[in-house]
Amino acid sequence: MALDVAQIRDDFPILKRTVNGKPLVYLDNAATSQKPQQVIDCIVDYYSRYNANIHRGVHTLSQEATEAYESARKKVQAHFNIGHSHEVILTSGTTHGINLVASGFTSIMKQGDEILVSAMEHHSNIVPWQMLCERTGAQMKVIPMLEDGTLDMEAYQALLSQSTKLVFVNHISNALGTINPIAQMIDRAHEYGAAVLVDGAQACSHIKPDLRELDVDFYVTSAHKLCGPTGIGMLYGKEEWLKRLPPYQGGGEMIAEVTFEKTTYADLPHKFEAGTPNIAGGIAFGAALDYLNGIGFEAIAEYEAGLLEYATEELLKIPGLRIYGSSSERTSVISFNLEDIHPYDVGTILDKLGIAVRTGHHCAQPVMDFYRIPGTVRASFAFYNTREEVDKLVEGVKKAQMMLS
Ligand code: C6P
């Protein structure tokens, strides 16, 4: 089914604005997506009609807010095909989810245990595990990547052993757009009894993962990448893992009973949800999923694939332009450089033309080190971008090249 992009764009008020006197061309969707009016309205509605704390009050407002928040959790559960709603932990985002799991593994890991990290991870999926290794004496090994921006699956197989306790990998690389073969990676890790955490921060705006089918142990994502607000996301964990991990933070709502002698903890998911959560954010996360499902992920994927192909073809016509990452399994991200020109300078000129891209290492420094570059210009697409916007990007890059060479 073809997307009616003109109608979709009408849902996004920000796409009507100008930047530096030019119509905004927003191609920084991998950093965060824009928000449709439906999600904005949902936040306004919560604060204007039923703002109250949840799980705490007998009064009507609190009950309405609790119902809306818990109904959002159920939407997340249904969207990702998760067995139980208590396996959905609402976090502040991907970074929070990974830190929660890494912290929980402190009591499980021991000297001599190994954890495998892919070479193309975001810092969020590296640093918390390094901290875990420092705390426990476990050792981190890197699954190398190949020149085309794919993971070296033979090396992965060779790294797996009985000592491997955990594997963590992103579903889609934020720096290259590579879609990693996570189903295969999960199966192989499970043969060795290792658990797998998949970082879905970049994936969930483009594809709809079926977590039950994947049989993944942990999956994390951020709502702000999928048309929802910032400060909210989800951690999926298999029930047996979530029961085994200790609470991450102590505080209100995560307890069963507190005395000065001993505290007992609440059942899942509340054991991992200390303190007043981002209530409006949680409810709007649900609204964002409704919005995206209303459009349909198959239609989104098909449209975005066409946009990526067109943008790749057109950009590669520019002499001296190099794109990093050429996997056939790629989506919505083009990371590139112009010969001898610093990405920051290209980004600055594009901004003058109203075109928003990200420049730099994209919080994935090891990927930049692999290609021996300081960073790239990254154009990242969403289903509300158009071919005309791709044309503007290409013209802008040509202009930057002319001005900077
Ligand atoms: N990447 C980017 O411009 P948070 O900040 O917790 O919502 O997401 C962190 C994160 C983790 N993993 C991947 C693969 C990511 O892409 C991100 C966020 C943004 O690429 C902002 S740094």
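The values are calculated or read from the model by the stated rules, or taken from the named source; none is laboratory data. For clarity, every value in this text was computed on a predicted model and none was experimentally measured. With ideal geometry, Cβ positions are generated from the backbone for all residues, glycine too; neighbour counts draw on all protein chains shown. Side chains included, ligands, DNA and RNA excluded: accessible areas come from the protein's heavy atoms. Shrake-Rupley method; radii C 1.70, N 1.55, O 1.52, S 1.80 Å.
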Using mean Cβ contacts within 10 Å as the protection proxy, how do 369-382, 242-255 order, highest first? 369-382, 242-255
Fluctuation leader among E154, E64, E298 - the chain, Gaussian network, Cα springs under 10 angstrom: E154
How high is the FRET efficiency between A2 and N293 when r is their beta carbon distance and R₀ equals 22 Å, given to the nearest 0.05? 0.80
Accessible-area composition of the chain, carbon plus sulfur, in percent [1.4 Å probe]: 51 percent
Links that overshoot a 22 Å alpha carbon limit, given the list K352/K392; K35/K75; K16/K225; K165/K208; K22/K317; K74/K225: K165/K208; K22/K317
Residue-averaged 222 nm ellipticity for the chain, from DSSP H runs of 4+ at -39500 (n - 2.57), nearest 500: -12000 deg cm²/dmol
If the cut-off is a Cα-Cα distance under 17 Å, which aspartates and glutamates reach K398, setting aside same-chain residues fewer than 8 apart in sequence? E313, E314, E339, D340, D345, D351, E388, E389
Listed residues L146, L235, L292; largest mean-square fluctuation, Gaussian network over the chain with Cα springs below 10 Å, found at L146
20 Å-binned pair-distance histogram of the chain (Cα, whole percent): 27, 55, 18, 0
Spin-label model distance (nm) - H59 vs S405, 7 Å beyond Cα toward Cβ: 6.7 nm
For region 226-234, take each phi angle, set θ = phi - 60°, evaluate the Karplus expression 6.51 cos²θ - 1.76 cosθ + 1.60, and give the result in whole Hz per residue in order, putting x for glycine and proline. 10, 6, x, x, 6, x, 8, x, 9
Ranked packing of 216-224, 176-184, 101-109, 320-328, most packed first, by mean Cβ within 10 Å: 216-224, 176-184, 101-109, 320-328
T18-D369 FRET efficiency (beta carbon distance; Förster radius 35 Å; 0.05 resolution): 0.40
Applying a 10 Å radius around every beta-carbon, put 339-348, 91-100, 23-32 in order of their mean neighbour count, most first. 91-100, 23-32, 339-348
Using Cα pairs closer than 8 Å and at least 6 residues apart in sequence, work out the relative contact order for region 40-293, in percent. 24 percent
For region 107-164 and region 248-285, what is the separation of their Cα centres, given in Å? 30 Å
Pick out which of K165, K22, K392 has the largest mean-square fluctuation in a Gaussian network model of the chain, springs linking Cα atoms closer than 10 Å. K22
Applying 1/(1 + (r/R0)^6) with R0 = 25 Å to the Cβ-Cβ distance of E239 and D187, what FRET efficiency is obtained, to the nearest 0.05? 0.80
Taking a probe of 1.4 Å and leaving out DNA, RNA and ligands, the chain shows per residue an accessible area in Å² of 42 Å²
Under 16 Å Cα to Cα from K243, which aspartates and glutamates show up? Leave out anything in the same chain fewer than 8 places away. E87, D217, D267, E273
With +1 on the Cβ of every Lys and Arg and -1 on the Cβ of every Asp and Glu, and nothing else charged, how large is the dipole of region 40-293 about its Cα centre, in debye rounded to the nearest 20? 420 debye
